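Engineer: One structure is given below, represented as structure tokens, and several questions about it will come after.
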Amino acid sequence: MDITPIASSSSGNAYLISDGVTILLLEAGVKLEKIQEKIDLTSVRACLITHEHGDHAKHAKDIAKWMPIYSSKGTFDCLDFGVYNYQKNILKAGKEDLIGTFKVIAFKTQHDAKEPYGYLLKSIITNETLLFATDTYYISNTFDALDYIMIECNYDEAILKRRYTNGEVSKLQYKRLYNSHMSLDSCVKFFKANDLSRLKEVYLMHLSDKNSNEQDFKRKIQEITGCMVYVCPK
């Protein structure tokens with residue numbers, strides 16, 4: 001499976017995945033021009049969106065001019081597609097859908113959004129499985145035989161607490177991060193709770209600019225997984 005991160009931060013998120021037959025766009029948080037630098041949009045089968053926040057869905061309406069959009073009903077309720085409403089495809093958590101050559105199962109995540117999802121994607125071409133989960137402070141599900149994991153690892157709790165104590169982070173910001181985004185410790189616990197026997201690559205997403213340490217995060221996850229770990233570019 002080929003994974004191409006386009007952008008990964010609070011300014012905008014978008015990622016491409018391909019099994020050699022079907023190309024999917026994950027998230028719609030960057031302008032079309034930036035996506036088109038990486039791929040011809042006519043070759044992309046569909047776009048999956050996790051939730052309605054702007055850094056993940058701001059450009060969904062523009063992308064809907066080119067391809068079908070898949071997400072939860074709650075997410076679609078928050079987005080205005082106008083004349084492109086026909087491109088909306090509602091996914092239900094726990095139900096398998098076939099999008100091109102990918103079997104897709106949405107699962108619920110924990111974030112301050114209306115109905116946020118993560119996605120489990122399995123290629124019927126390569127028989128490989130990818131987990132995609134961002135903007136969630138916790139993942140209650142466990143998974144077997146994952147080949148690729150794309151997961152948020154937003155902040156280091158020790159760094160965040162220090163910056164809060166120093167007055168660099170407000171109480172409101174501190175509470176929101178703690179209750180809506182994944183810490184390094186929570187990310188580590190997720191890996192330890194899941195089957196990593198087939199794991200090939202890990203992609204860490206959505207690192208905080210000031211509350212994370214990229215090299216430390218990468219090193220710790222590599223120690224746990226024993227495989228290649230990439231930090232997605234901002």
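The values are calculated or read from the model by the stated rules, or taken from the named source; none is laboratory data. Since we're looking at a predicted model, the values are computed, not measured. Note that each Cβ is placed from the backbone with ideal geometry, even for glycine, and that neighbours are counted across all protein chains shown. Ligands, DNA and RNA are excluded from the accessible area calculation, which covers all protein heavy atoms including side chains. Shrake-Rupley method; radii C 1.70, N 1.55, O 1.52, S 1.80 Å.
Engineer: With the other protein chains left in place, how much accessible area per residue, in square angstrom, belongs to the chain at a 1.4 angstrom probe?
Structural biologist: Spelled out: the 1.4 Å probe surface of the chain, per residue, equals 45 Å².
Engineer: I've got another one for you. Applying 1/(1 + (r/R0)^6) with R0 = 30 Å to the Cβ-Cβ distance of residue 45 and residue 176, what FRET efficiency is obtained, to the nearest 0.05?
Structural biologist: Efficiency for this residue pair is about 0.30.
Engineer: In whole Å, largest first, what are the principal axis extents of the Cα atoms in region 48-164?
Structural biologist: 48, 35, 21
Engineer: Under a point spin-label approximation (7 Å from Cα along Cα-to-Cβ), what is the residue 197-residue 112 distance to one decimal in nm?
Structural biologist: 4.1
Engineer: Here is a further query. Expressed as cubic angstrom per residue, what is the convex hull volume of the alpha carbon set of region 1-55? Please list the in-between numbers first.
Structural biologist: Working: hull volume 4.1 nm³, N = 55.
Enclosed volume per residue, from the Cα hull, is 74 Å³.
Engineer: Taking amide H positions as placed 1.01 Å from N in the peptide plane, with prolines and chain starts having none, which residues 5 or more places from residue 203, or on another chain, fall under 5 Å of its amide H?
Structural biologist: Amide H neighbours of residue 203: 149, 150, 151, 230.
Engineer: A further question on this structure: Do you know the Lys pair count in region 57-131 for C-alpha distances under 17 Å, with sequence separation 8 or more or different chains?
Structural biologist: The number of close lysine pairs in region 57-131 is 20.
Engineer: With every protein chain left in place, what is the accessible area of residue 228 in Å² (1.4 Å probe, nearest 10)?
Structural biologist: Accessible area, nearest 10 Å²: 90 Å².
Engineer: Related question: Working from Cα positions, state the angle (0 to 90°, nearest 10) between the long axis of helix 171-180 and the longest principal axis of the chain.
Structural biologist: 50
Engineer: Something else: Using Cα-only point scatterers and the Debye equation, what is log10 of I(q)/I(0) for the chain at each q in 0.08, 0.10 Å⁻¹, rounded to two decimals?
Structural biologist: Once normalised to I(0) and log-transformed, intensities are -0.27, -0.43.
Engineer: Apply the Karplus parameterisation 6.51 cos²θ - 1.76 cosθ + 1.60, with θ equal to phi minus 60°, to every residue of region 191-197 and state each ³J(HN,Hα) to the nearest whole Hz, in sequence, with x for glycine and proline.
Structural biologist: In residue order, the calculated couplings are 4, 5, 8, 10, 6, 10, 4 Hz.
Engineer: Label points 7 Å out from Cα along the Cβ direction at residue 80 and residue 95: separation in nm?
Structural biologist: Calculated label separation equals 2.8 nm.
Engineer: If you don't mind, there's one more thing I want to ask. Once phi is turned into ³J(HN,Hα) by the Karplus curve 6.51 cos²θ - 1.76 cosθ + 1.60 with θ = phi - 60°, what whole-Hz value does each residue of region 215-228 show in order, with x for glycine and proline?
Structural biologist: So the J values, rounded to whole Hz, are 5, 5, 4, 4, 4, 5, 6, 5, 4, 6, 8, x, 10, 5.
Engineer: Okay, moving on. When the chain is treated as a GNM, springs tying every alpha-carbon pair under 10 Å, which of 99, 35, 159 comes out with the largest mean-square fluctuation?
Structural biologist: 159
Engineer: With the calculation restricted to Cα positions, what are the radius of gyration and Dmax of region 137-234 in angstrom?
Structural biologist: Computed over the Cα atoms of region 137-234, radius of gyration and Dmax are 13.8, 44 Å.
Engineer: Right, next: What does the accessible area of residue 172 come to, in Å² to the nearest 10, when a probe of 1.4 Å is used?
Structural biologist: Roughly 140 Å² of residue 172 is accessible to a 1.4 Å probe.
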